[in-house]
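Before any comments, here is the structure.
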There are 2 protein chains.
Amino acid sequence: MNTTSCESGLLKIGDLVRLTGKTPRTLHFYEELGLLRPVSRTKGGFRLYGEETLLRVRWIERLQELGFSLPEIQDFLTRLQEHAYGPEAMQRLGDFYTVKLAETRATLARLQALERDLQDSIDYLNGCRTCEPLTHRARCVGCDTKHHEGRAAPELVAAVHDSTTP
Amino acid sequence: MNTTSCESGLLKIGDLVRLTGKTPRTLHFYEELGLLRPVSRTKGGFRLYGEETLLRVRWIERLQELGFSLPEIQDFLTRLQEHAYGPEAMQRLGDFYTVKLAETRATLARLQALERDLQDSIDYLNGCRTCEPLTHRARCVGCDTKHHEGRAAPELVAAVHDSTTP
DNA sequence: CCTGACTCTAACGTTAACGTAAGAGTCTGA
DNA sequence: TCAGACTCTTACGTTAACGTTAGAGTCAGG
């Protein structure tokens, strides 16, 4: 089965939709932002994309996962255009990625810490299973029963116990 | 130095602002959403918070880092109210966190993959430093010079090389 | 008791990333 | 050639998470 619906080997927006999982609106939107551009148009005005566009759309997707906003990506692309020579442009790209690598590592560290906290909280809460079922919720505040082996409630648990909820 | 500005031991919104780094508007907003509530008010109508509120605000902050939206948090809190008995409520909390733990781990895996890709791309781009500086950018497409030891450009790099940019 | 700092409510504004609908024109295969 | 599927532009709508006035009232110290 072929990827394209026209002879030209070019993709109409519907093809791209199928190949990327994006909606037409999203692709239009990317174009509005200057992230994308059809190679040409049919006489009727239908957009025709080259296959590289597929790479481009996936690239955008990855960058979004990395936490880039579309305006940021756009920003980078336009700044890239300003460099006519490859090595210089590639240096820019490298810098761009280097910054993001650092951020990604920071995010990873944060998430790992949160992962530990979640696990701690879940462990702590498991102690509650051995508690008398009819214990009223209010009595959980500062619980120091044997069920938790003397452990204090982790922050993620303690904050749930209060009068701060409407 | 004391944390509070009133004798009551209660915190006015300004105190909470200093202690949490949030803005008054944010705290008002949390209250609108039902995430927060002052313990009482002054006769003039000023909000007075207990110290637990500090925990609560930080808790919200952490949950946000974990990718919870405020409506989600609100949702959880109200569902928690429906359980009068501690152990049952705590079970709910545990479930809530268990789901999020799985998501967090998935996110971690994704980010780790992206981290590798970034590193790969940076490594690949380092090869460009030994390229003739005046090479035009267009010639980078499908570059197969010795500079990259025969490696093909990683996706994060390849997608930048095309005619898809306006 | 008065002033300067603080707080209140109400309501409109903002950014990101699209969604949705409308009305009209285009393409293509039977 | 013509119906059904696809696409076009325009433009208003949406959710999240606050920001930003605006105008008025409140508190605390000198």
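The values are calculated or read from the model by the stated rules, or taken from the named source; none is laboratory data. For clarity, every value in this text was computed on a predicted model and none was experimentally measured. Here Cβ is always computed from backbone atoms with ideal geometry, including for glycine, and neighbour counts include all displayed protein chains. Keep in mind that these areas ignore ligands, DNA and RNA; they rest on the heavy atoms of the full protein, side chains included. Shrake-Rupley method; radii C 1.70, N 1.55, O 1.52, S 1.80 Å.
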>> Can you list residues from other chains, or at least 5 along the same chain, whose modelled amide H is less than 5 Å from the amide H of B:R37?
In response: none
> By how many degrees, 0 to 90 and rounded to 10, does the Cα axis of helix A:70-81 deviate from the longest principal axis of chain A?
Replying inline: 40 degrees
> Hey, in the GNM for chain B with a 10 angstrom Cα cutoff, which one of B:L125, B:L77, B:L27 fluctuates hardest?
Replying inline: B:L125
> Can you give the accessible area of B:K12, probe radius 1.4 Å, in Å² rounded to 10?
Replying inline: 70 Å²
> Using a 1.4 Å probe, how large is the accessible area of A:C128, given in Å² and rounded to the nearest 10?
Replying inline: 10 Å²
> What Kirkwood hydrodynamic radius, in Å, does the protein assembly as shown give when the mean of 1/r is taken over all pairs of distinct Cα atoms and then inverted?
Replying inline: 24.1 Å
>> Connecting C-alpha atoms closer than 10 Å in a GNM of chain B, tell me which of B:R110, B:R139, B:R47 has the biggest fluctuation.
In response: B:R139
> Total accessible area buried between chains A and B, 1.4 Å probe, in Å² to the nearest 100?
Replying inline: 6600 Å²
> What is the mean number of Cβ atoms from other protein chains located within 10 Å of the Cβ atom of each residue in peptide B:79-92, rounded to a whole number?
Replying inline: 6
> Placing a label point 7 Å from Cα toward Cβ, how far apart in nm is A:Q64 from its equivalents in the other copies, listed shortest first to one decimal?
Replying inline: 2.3
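Over chain A, what percent of the accessible surface lies on carbon and sulfur atoms, probe 1.4 Å? The partial results should precede the final answer.
Details: 4650 of 8830 Å².
Result for chain A: 53 percent of the exposed heavy-atom area is carbon or sulfur.
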> Build a GNM of chain B with springs between Cα atoms under 10 Å: which of B:E103, B:E65, B:E132 gets the top mean-square fluctuation?
Replying inline: B:E132
> Which whole-number percent is the relative contact order of chain A (Cα, under 8 Å, 6+ apart)?
Replying inline: 13 percent
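Could you tell me whether the stretch A:6-94 comes out rounded, prolate or oblate from its Cα gyration tensor? Rule is a ≥ b ≥ c as square roots of the eigenvalues, rounded for a/c under 1.5, then prolate if a/b exceeds b/c, otherwise oblate. Working shown, then result.
Values: a/c = 2.13, a/b = 1.56, b/c = 1.36.
It comes out prolate by the Cα gyration axes.
Could you do me a favour and compute the accessible area per residue for the stretch A:1-66, 1.4 Å probe, result in Å²? Mind showing how you got there, number by number?
Details: 3620 Å² over 66 residues.
Per residue, the stretch A:1-66 has 55 Å² of solvent-accessible surface.
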>> With a 1.4 Å probe and all protein chains kept in place, how much accessible area does A:H136 have, in Å² rounded to the nearest 10?
In response: 90 Å²
> Taking the inverse of the average 1/r across all pairs of different Cα atoms in chain B, what Kirkwood radius in Å do you get?
Replying inline: 21.0 Å
>> Sort B:E149, B:E51 by heavy-atom solvent-accessible area, probe 1.4 angstrom, most to least.
In response: B:E149, B:E51
>> Just the number please: accessible area per residue for the stretch B:67-166, 1.4 Å probe, all protein chains included, in Å².
In response: 52 Å²
> So what's the stretch A:76-126 giving for Cα Rg divided by 2.2 N^0.38 Å, two decimals?
Replying inline: 1.97
> Looking only at other chains, what is the average number of their beta-carbon atoms within 10 angstrom of each beta-carbon in A:10-20?
Replying inline: 0
> Hey, got the dipole for the protein assembly as shown? About the Cα centre, +1 on K and R Cβ, -1 on D and E Cβ, debye to the nearest 20?
Replying inline: 620 debye
>> Run the helix sum for the protein assembly as shown: -39,500 (n - 2.57) per DSSP H stretch of 4+ residues, divided by residue count, reported at 222 nm to the nearest 500 deg cm²/dmol.
In response: -17500 deg cm²/dmol
>> Under 16 Å between alpha carbons: how many lysine pairs meet that in the protein assembly as shown, if sequence neighbours fewer than 8 apart on the same chain are excluded?
In response: 4
> How many nanometers, to one decimal and shortest first, lie between the label point of A:R79 and those of its other copies, if labels sit 7 Å from Cα toward Cβ?
Replying inline: 4.3
> Accessible area, 1.4 Å probe, largest first: how do A:T42, B:T20 sort?
Replying inline: A:T42, B:T20
